[in-house]
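Just so it is clear, none of the values below were taken in a lab; they were calculated from the coordinates. What you see is a predicted model, and the numbers here were worked out from it, not measured in a lab. Every residue, glycine as well, gets a Cβ built from its backbone with ideal geometry; the counts of neighbours run over all protein chains shown.
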Amino acid sequence: MVSNKVKERIGFVIVNACRLLLALTFVFSGFVKAVDPEGSFFKITDYLAAFGMADVLPDFAVRIVAVALSAVEFLIGVNILFAIRRRVTTVLAFLFMLVMTPFTLYLAIENPVPDCGCFGDALVLTNWQTFGKNVVLLIASVVVMSRPKLMFRVMTWRVQWIVITYSVVFIVAVAVYCLNNLPILDFRPYKVGTNIKEAMAYPDGAELPEYETTFILEKDGQRREFSIEDYPDSTWRFVDSRTVMVNEGYVPPITDFSITDCQTGEDLTDVVLADTNYTFLLIIYNIAKADDTNIDRINDIYDYCKDNGYGFYCLTASDEEMVAYWRDYLGADYRFCFTDETTLKTMIRSNPGLMLIKGGTIYAKWHHKQLPTEYDLTSPDLSSLPAGQMQGRAAGMVVVYVLLLYLLPLALIIGIETIWLKANDIKHPGKE
């Protein structure tokens with residue numbers, strides 16, 4: 001017979017293991033959405049388009065939804081992690097998973113979008129993987145909701161609202177900062193330091209995609225399916241065929257990068273990537289939605305390139321009419337090229353945005369609000385200027401800085417409270 005004390009300990013371990021799983025998943029999901037809110041905006045827009053609601057919300061409202069979603073997920077995760085408002089928080093987590101689990105089942109079956117975007121670009125899951133993950137989280141949410149008092153606390157109710165308020169302010173501030181700058185963490189294949197041509201290549205011996213074609217043929221009123229190996233004689237009449245991928249094989253990080261001159265139709269991809277000199281790429285995925293408040297800075301950078309022999313191209317997915325508008329209305333004299341819209345959105349989270357490459361390697365990326373000025377381009381030799389150096393911090397250091405920015409104030413709050421409890425001879429709630 002297992003004693004009640006042993007059962008309680010087992011229950012305690014199970015509940016808190018589920019608690020940790022839920023907390024880390026929600027915190028991670030909310031955080032990676034907050035550091036790339038523009039990416040969440042694109043994903044929500046894809047959902048709206050897939051369900052025939054593309055024009056239901058204006059862009060600014062969709063961005064607000066993206067920021068709010070990241071804040072809600074992050075706050076639920078933090079509250080579960082620190083056992084704040086245990087009953088309410090566990091019910092919210094359960095309701096969240098109760099909605100998302102059947103929704104992701106629908107996504108897995110119908111596949112209206114290729115991935116749910118639940119972890120942004122930090123961790124891309126297939127729709128079936130996402131559904132499986134949500135089933136596990138739904139079970140975990142049921143466990144913690146059924147026994148919320150087994151979640152041990154680390155702070156009293158006196159400071160819980162301080163932690164809640166600080167968590168919301170922190171995550172919203174991160175999201176707003178990344179909306180007005182570039183993401184502080186870049187999970188996409190076009191991060192600084194990447195050589196685009198190398199990222200498009202297949203390594204020696206890499207497994208290539210495999211496809212299987214099935215032919216539907218008819219003879220004497222009877223239809224049958226054949227493979228290419230058992231294709232019959234000419235007495236059978238061809239009706240239809242279908243080709244499916246049976247083995248995805250190796251997929252390069254970058255698969256859809258190309259540059260085509262808008263006027264001549266010339267493919268400039270290899271020319272641009274092979275240029276060993278600096279080349280600026282102005283990226284405007286949609287001219288109609290582009291912010292033109294810093295057009296003078298863009299023109300100054302183009303003039304600098306023209307005067308000093310550096311390449312300058314504008315990559316866009318807009319049609320010729322919008323290109324002509326940008327040229328005429330804003331006095332743009334640089335070369336325009338067509339590139340896939342999704343590729344441009346992936347390259348940089350700014351419309352317009354600016355990228356500096358050299359020999360196909362990405363040296364720097366700028367949001368349109370942070371473009372180099374004439375005071376940054378003071379020498380004909382770009383390599384001697386900070387703007388021409390490889391930019392960006394190591395992702396690990398950025399994560400450490402952000403964690404410290406969030407955790408140090410919390411540690412201070414909890415430490416002050418612990419000292420106060422001891423001074424007043426009050427038992428800590430986590431030791432009840």
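Tabulated results
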quantity	calculated
Length added when fully stretched, V142-V65, from 0.36 nm per residue minus Cα-Cα	25.0 nm
Net lengthening on full extension, T260/N4 (0.36 nm per residue, minus Cα-Cα)	84.9 nm
Student exercise, segment 1-83 dipole from Lys, Arg, Asp, Glu Cβ charges, in Debye to nearest 20	660
FRET E, pair D303, M397, Förster distance 45 Å, beta-carbon r, rounded to 0.05	0.80
Helical segments meeting 27 Å axial Cα length and Kyte-Doolittle -0.5 threshold in the chain (DSSP H)	4-35, 59-81, 86-110, 127-146, 157-180, 395-423
Along each principal axis, Cα extent of segment 196-263, largest first, Å	55, 38, 15
Set of aspartates and glutamates near K369 by C-alpha distance (under 17 Å), chain-local residues within fewer than 8 positions excluded	D36, E38, D291, D292, D296, D300
For segment 1-65, diffusion coefficient by Stokes-Einstein and Kirkwood Rh (Cα), 4 °C, 1.567 mPa s, µm²/s	86
Long-range tail of P(r) for segment 23-108 (Cα pairs > 23 Å, %)	29
Distance in nm between pseudo-label sites at L330 and E248 (7 Å out along the Cβ direction from Cα)	3.6
In sequence order, calculated HN-Hα J values of segment 334-350 (Karplus, 6.51, -1.76, 1.60; Hz; x Gly/Pro)	8, 7, 9, 9, 8, 9, 4, 5, 4, 4, 5, 5, 6, 5, 7, 8, 7
Peptides ranked, highest mean first, by Cβ atoms within 10 Å: ranges 139-151, 230-242	139-151, 230-242
Calculated on alpha-carbon atoms, Rg and Dmax of segment 260-388 in Å	13.6, 39
Rotationally averaged projected area of the chain (alpha carbon convex hull; nm²)	32.5
Filtered GluC sites (Glu not before Pro), segment 128-215: DSSP coil and at most 14 other beta carbons within 10 Å	E207
Helical contribution to [θ] at 222 nm, DSSP H n ≥ 4, -39,500 (n - 2.57), averaged over the chain, rounded to 500	-16500 deg cm²/dmol
Label-point separation in nm, F12 to A411, each point 7 Å along Cα→Cβ	2.6
Global size of segment 164-212 as Cα Rg and Dmax, reported in angstrom	19.0, 56
